[in-house]
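Enquirer: The structure that follows is given in the form of structure tokens.
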Amino acid sequence: MISKSRVAAIAAGCIIVAVAVLYGIGILDVHAGARPPSVLNRTELVSGEPAAPQIGFVDAAGKKISLADFHGKFVLINLWATWCGPCINELPELARLQQAIPKDRFVVVPVDVLEKLDAANLRSFLQAHAAGALPIYIDRDRQTQQGFVANELPLTVLIDRNGHEIARALGGQKWADPAAISWMKTISSPPAK
């Protein structure tokens, strides 16, 4: 027969183990939520959350735009070109991602780089590639490309609502995959008050 003190010690040990396991699972869940889903296999978190470069580009009307214009929102800035196959393949994905998340908290900012097309030609190009819902932004002086040190395209950078870079993806991604959309919705959710 087992003594009462031994039963109490075993029960206490089980409780401690159960709490440790549950606490550990909670920690894993919290940290797992910060990592991109496996479908975004080329997306890597940036250590230290550096400030995004102060870059500028123009919109379809020729108005100068900077990243500061999007302060308070998560920004997925995508550097692309019409001659880049992987860029073209992910344009419809980016358009569907933007449609899935409210623009008051998350915006897709596709910036055409390394060419001199006008806004009308870019609009036609986007429409022809199932991405007509995306806004037109053009890097006329390579400031965006140089600011993000974009040596290859597409380059996509995720910037938090305070202007800090938190992730980068080099190469095409499945941005409209349900797991990718869920992740973007989660990280761009309004902060708890």
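Enquirer: Cβ under 15 Å from Arg140's Cβ, Arg140 left aside: what net charge do those residues give with Lys, Arg +1 and Asp, Glu -1? Write out the running numbers ahead of the final one.
Expert: Numbers: positive: Lys63, Lys64, Lys116, Arg142; negative: Asp59, Asp112, Glu115, Asp118, Asp139, Asp141.
Summing Lys and Arg as +1 and Asp and Glu as -1 gives -2.
Enquirer: I've got another one for you. In whole Hz and in residue order, list the ³J(HN,Hα) couplings for region 162-169 that follow from phi through the Karplus curve 6.51 cos²θ - 1.76 cosθ + 1.60, θ = phi - 60°; x for Gly and Pro.
Expert: 9, x, 9, 6, 10, 7, 9, 10
None of the figures in this text is laboratory data; all of them are computed from the coordinates on show. Small disclaimer: the values here were computed from a predicted structure and weren't measured. So basically every Cβ, Gly included, is an ideal-geometry build from the backbone, and we count neighbours across all protein chains shown.
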